Amino acid sequence: MNENPAEAGISVLIVDDSLAICQLLSAMLKDFGVTLVDYCHSGEDAFRMVERDPALYDALFVDLHMEGMDGLELMAKLNEIRYRGGVVVMSALDRKILDFTLEVISSYNLRVLGSAEKPFDKSLIAFMIKRIRNYRPHFPRREKVLKRREVYDAIKQSRILTYFQPKVSGGDNRLIGIECLVRLEMEGEGIIAPDRFIPVVEKFDLVDALLDSTLSVALPQYKEFVETSGANVPLAINISPMQLHNDVLPETLMEYLEKNDVDKSQVVLEITENHAIREEIQLKNLNRLRIHGFKLSLDDYGAGFTNIRQLKSLPFNEIKLDAKLIDGIRQDRVLQVIVRSVKNVCDELNLTLIAEGINDPDDLAMLNSIGVDGYQGYLFCRPKPLNELLRWYKVWVHTIHESRAKGVANPSV
């Protein structure tokens, strides 16, 4: 019987030319429950080990200063072979050198999880292990694998449930948008979250059918929200990169908007980063959506395939930072450098920067200091059905007014 990857232990490779450092960090990792720890003393050896079996290690702890191939060169080569495990940068070098290194690697397609400065702090190592776990693929336990037919039937029978989560301004906490998040209601299963049915939808080419059903339900509810609340904010709709192969996508979207009397200027298309956007037809249709007047948002930035350099060539209006770049940013130098780098690019290109997955007030304070434009997360509001969202909005407006009177910067309800 194959072991479930969700239950398998974490595997780590330490790359450092000091045997003492390797042994110390190895002991710390094992104390925190890491089941497999290997180490080697050169970038050349590490690259050969990873190239031979790219899936062997969940993460690499890489020292910057080594003889021969140093840590920065190793990460450049890992980037070339598209290594998808996590990378933690280790260094005892001057802080300015570390900061410059982090600026360089922030443009790579590596999953850079953080930095661990020497001497190691146990609480920081524990946090890195938590981050490694979060970046591993999630496999639901004891849940039935959904079949194509039952997902298809739920979509075609309009058993679509639309939830909405607000986006709030980083400047004055006003509502600046709402995102539509879809659930499926399935017989014998109840309400199914996207992480269970989206892989089935994408595998069996049901993305267009799901979008059709979503628009049919979400657009009338969006109109009701605007008319009832008086908040004339945009609606964000999720689009799979796979749908960018569809040459009639712009026309399909326009047809639904006209039918529901919703202007295209009030719709933001959030393109998820779970698949690379590199094929010519994808790039063509991405640009056609902008030509047709749609606003585009790159969703889950930092969890997928797009680096900072590519942001400058893709026609997005908005970048949404993945929650994994946000969780713990208050205490993680590398995340702060990455987010500042993205913010600088957004300022240069006049893009809006949104941070999603905000759950911690201290993380929010750090993001405020960086100047992120807007936020989305449980700290403000969980995804809600329309009627609950309307109730939340009334309370939110009241809370903002009270907070301004009291001089509170960031209220939450």
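Descriptive notes on the structure:
- Candidate set from the stretch 25-77 (those that are charged (D, E, K, R) and exposed (fewer than 14 other Cβ atoms within 10 Å of the Cβ)); member that is farthest from Asp121 (Cα to Cα): Arg52
- Every residue from the stretch 267-279 that is free of Cβ contacts under 8 Å to residues at least 40 places away in the same chain and either touching a Lys or Arg at 6+ places or on another chain (Cβ under 8 Å) or more than 20 Å from Ile308 (Cα to Cα) (or both): Val267, Leu269
- Counting residues in the stretch 280-292 that are among the acidic types (Asp, Glu), surrounded by 19 or more Cβ atoms within 10 Å (Cβ to Cβ) and at pLDDT below 95 gives zero.
- Within the stretch 6-35, the set of residues being of a type in the set (Gly, Ala, Ser) and either part of a helix (DSSP H, G or I) or farther than 28 Å from Glu67 by Cα (or both) comprises Ala6, Ala8, Gly9, Ala20, Ser26, Ala27, Gly33.
- Qualifying residue in the stretch 62-76 (condition: touching a residue at least 60 places away in the same chain (Cβ under 8 Å) and touching a strand residue (DSSP E or B) at 6+ places or on another chain (Cβ under 7 Å)): no
- One residue stands out among those in the stretch 100-133 that are part of a loop (DSSP other than H, G, I, E, B) and closer than 30 Å to Ala193 by Cβ: the one that is modelled with the highest pLDDT, which is Leu110.
- Residue match in the stretch 134-157 (condition: touching a residue at least 40 places away in the same chain (Cβ under 8 Å), in a strand (DSSP E or B) and not hydroxyl-bearing (Ser, Thr, Tyr)): no
- When Thr252, Thr228, Thr272 are checked against the criterion of being of a type outside the set (D, E, K, R), surrounded by fewer than 18 Cβ atoms within 10 Å (Cβ to Cβ) and within 23 Å of Asp205 (Cβ to Cβ), a single residue qualifies: Thr252.
Here is a yes/no grid of residues against (1) surrounded by 15 or more Cβ atoms within 10 Å (Cβ to Cβ); (2) outside the structural domain of Leu314 (by TED's automatic domain parsing); (3) over 18 Å from the mean Cα position of the chain (by Cα); (4) under 19 Å from Gly177 (Cβ atoms):
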position	(1), (2), (3), (4)
Val337	yes, no, no, no
Ile354	yes, no, no, yes
Gly357	yes, no, no, yes
Asp362	no, no, yes, no
Ser369	no, no, yes, no
Gly377	yes, no, no, yes
Glu388	no, no, yes, yes
His401	no, no, yes, no
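- Residue among Glu73, Glu67 that alone is charged (D, E, K, R) and either in contact with a helix residue (DSSP H, G or I) (Cβ under 8 Å, 6 or more places away or on another chain) or in a strand (DSSP E or B) (or both): Glu73
- Test result for Ile97, among the hydrophobic types (A, V, I, L, M, F, W, C), over 30 Å from Gly190 (Cβ atoms), at pLDDT below 85 and assigned to a helix (DSSP H, G or I): yes
- Conditions (1) crowded, with 17+ Cβ neighbours inside 10 Å; (2) under 26 Å from the mean Cα position of the chain (by Cα); (3) touching a residue at least 60 places away in the same chain (Cβ under 8 Å); number of the one not met by Ile105: (3)
The values are calculated or read from the model by the stated rules, or taken from the named source; none is laboratory data. Fair warning: this is a prediction, and the values are worked out from it, not measured in the lab. Don't worry about glycine lacking a Cβ; one is built from the backbone with ideal geometry, like all the others, and counts go over all protein chains shown.
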